[in-house]
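What follows is a set of notes on a single structure, which appears directly below.
The values are calculated or read from the model by the stated rules, or taken from the named source; none is laboratory data. It should be emphasised that the depicted structure is a prediction, and the values quoted were computed from it without experimental measurement. Backbone-built Cβ (ideal geometry, glycine too); neighbour counts: all protein chains shown. Accessible surface is based on the protein model in full, side chains and every heavy atom, while ligands, DNA and RNA are left aside. Shrake-Rupley method; radii C 1.70, N 1.55, O 1.52, S 1.80 Å.
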Amino acid sequence: MSRKTLLVIVVTFCSLRGLNAQGDESKAPQDASVADPVDFEALLRRPVQVEFADTPLADVIDYFGKKFEINIRVDPKGMTDAAVDPSAMVTLSLRKPVSLEAALRLVLEEFDLDFTVQDEILKITSKEKADEILTTKVYSVGDLLDRGPRRSVIDNLINTITSIVQPDTWDDNGGPGSITRVASTLVISQKYDVHKEIKELLAMLRAELPKRAENAAAHPNPDEVTTMVYRLDSAGGQDMAVALATILDPDSLQTGGIAVVKMKGPRGDEDRSWDALVVRQKASNQEKVQEVLSELGRLGHPGGMMGFGYQPPIRSE
């Protein structure tokens, strides 16, 4: 290869590198303009001074958006459904700062409005519309499933969530929300404020993990007795309790037992009542009970047993 040919190749290569570098530079401003996702949970905890005197609602909303540099969208249909005029006056004065979330709720509740977070936008609409906007999130809960039969414990956790966090919003009680377990995760479809409360509840449960580990280390017992509550799909729990007692040895029944509790449907609805079995037994017997109930197809909740209250197992005396 001649020196002239080599020189042409080098010059061409350098020219191409220069063009690519220019191309990259031309893209840089576009990439830099893409904002990071807004952490609405942290933002809604930030303090704000509330001082409004005969201020149009639209101006109040605009003030919050500008102050915290967030996108706020007012849903026209939601405002119409709630019969709210954006020019309606707001008068609200608080002596000390409150969180942005508290301020928003104080302003909106007067007009029967609510807010939710959707597609990185804080959306203001009617309460009815806000309840219809669901998002799906996946929660890893493997660290909370270290006690008792695994299947029973995760269902125990599911029932804790649906019993404590806005019970009327779950599909079992006629609400729109749903919760499904997939291995050691929970897939939950719910409205924004319910997701927020679920995170807070899981954080509280995780805060108890060191105490549970310390207690387990201090009192090792492979035959530790636990109390589990199993929800049946209907009445007839007494017959089921008698049948289950036949598979457990007499000694285990003396140290534990099986009881039947009549549960009512939402708001005392007798037509949707069901029986629950309260079983106090060691883990191996709990697994036997689960196997029998599963085989008989008597479980009312998809995926298995349910417990009321997620607590460390109750020890026998």
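Report yes if some residue within segment 56-70 is hydroxyl-bearing (Ser, Thr, Tyr) and outside any helix (DSSP H, G or I); otherwise report no.
No - not one qualifying residue is present in segment 56-70.
Condition (residue is aliphatic (A, V, I, L, M), within 22 Å of residue 43 (Cβ to Cβ) and surrounded by 15 or more Cβ atoms within 10 Å (Cβ to Cβ)) applied to segment 136-148: is it met by at least one residue?
As a first pass, look at segment 136-148 and keep what is aliphatic (A, V, I, L, M): 138, 141, 144-145.
Adding the requirement that they be within 22 Å of residue 43 (Cβ to Cβ) leaves none.
Checked segment 136-148: no residue is aliphatic (A, V, I, L, M), within 22 Å of residue 43 (Cβ to Cβ) and surrounded by 15 or more Cβ atoms within 10 Å (Cβ to Cβ).
Considering only residues that are under 17 Å from residue 72 (Cβ atoms), assigned to a helix (DSSP H, G or I) and in contact with a Phe, Trp or Tyr (Cβ under 8 Å, 6 or more places away or on another chain), look in segment 108-150 and name the one that is modelled with the lowest pLDDT.
The extreme case among them is 130.
Which residue out of 189, 178 is surrounded by 13 or more Cβ atoms within 10 Å (Cβ to Cβ) and either touching a residue at least 40 places away in the same chain (Cβ under 8 Å) or assigned to a helix (DSSP H, G or I) (or both)?
Values: 178 fails: either touching a residue at least 40 places away in the same chain (Cβ under 8 Å) or assigned to a helix (DSSP H, G or I) (or both).
None of the others qualify; the one that does is 189.
Among the residues of segment 88-98, is there at least one that is touching a Lys or Arg at 6+ places or on another chain (Cβ under 9 Å), more than 20 Å from residue 41 (Cβ to Cβ), open to solvent by less than 70 Å² (accessible area, probe 1.4 Å) and among the hydrophobic types (A, V, I, L, M, F, W, C)?
Within segment 88-98, not a single residue is touching a Lys or Arg at 6+ places or on another chain (Cβ under 9 Å), more than 20 Å from residue 41 (Cβ to Cβ), open to solvent by less than 70 Å² (accessible area, probe 1.4 Å) and among the hydrophobic types (A, V, I, L, M, F, W, C).
Criterion first (among the hydrophobic types (A, V, I, L, M, F, W, C), open to solvent by 30 Å² or more (accessible area, probe 1.4 Å), modelled with pLDDT of 65 or more and assigned to a strand (DSSP E or B)) does residue 276 satisfy it? Spell out the reasoning first.
Values: among the hydrophobic types (A, V, I, L, M, F, W, C): yes; open to solvent by 30 Å² or more (accessible area, probe 1.4 Å): no; modelled with pLDDT of 65 or more: yes; assigned to a strand (DSSP E or B): yes.
Spelling it out, it is not the case that residue 276 is among the hydrophobic types (A, V, I, L, M, F, W, C), open to solvent by 30 Å² or more (accessible area, probe 1.4 Å), modelled with pLDDT of 65 or more and assigned to a strand (DSSP E or B).
How many residues are assigned to a helix (DSSP H, G or I) and loosely packed, with under 12 Cβ neighbours inside 10 Å when one looks only at segment 42-55?
1
Quick check: is even one residue across segment 211-234 out of contact with any Pro (no Cβ under 7 Å at 6 or more places or on another chain), of a type outside the set (A, V, I, L, M, F, W, C) and modelled with pLDDT of 85 or more?
No, segment 211-234 contains no residue that is out of contact with any Pro (no Cβ under 7 Å at 6 or more places or on another chain), of a type outside the set (A, V, I, L, M, F, W, C) and modelled with pLDDT of 85 or more.
Anything in segment 103-122 that is within 16 Å of residue 194 (Cα to Cα) and open to solvent by less than 40 Å² (accessible area, probe 1.4 Å)? List them, or say none.
Keep residues of segment 103-122 that are within 16 Å of residue 194 (Cα to Cα), which gives 105, 114-118, 122.
114, 115, 116, 117, 122, listed by residue number.
Checking the conditions here, which among 26, 2 is at pLDDT below 90, among the small types (Gly, Ala, Ser) and open to solvent by less than 70 Å² (accessible area, probe 1.4 Å)? Full working, then the answer.
Details: 26 fails: open to solvent by less than 70 Å² (accessible area, probe 1.4 Å).
None of the others qualify; the one that does is 2.
Working carefully through the options 127, 137, find the one that is in contact (Cβ under 8 Å) with a residue 40 or more places away in the chain, closer than 26 Å to residue 54 by Cβ and not small (Gly, Ala, Ser). Walk me through how you get there before you give the answer.
Details: 137 fails: closer than 26 Å to residue 54 by Cβ.
Answer to the selection: 127.
How about segment 248-261: which of its residues are surrounded by 12 or more Cβ atoms within 10 Å (Cβ to Cβ) and either at pLDDT 80 or above or not small (Gly, Ala, Ser) (or both)?
The answer is 248, 253, 255, 258, 259, 260, 261.
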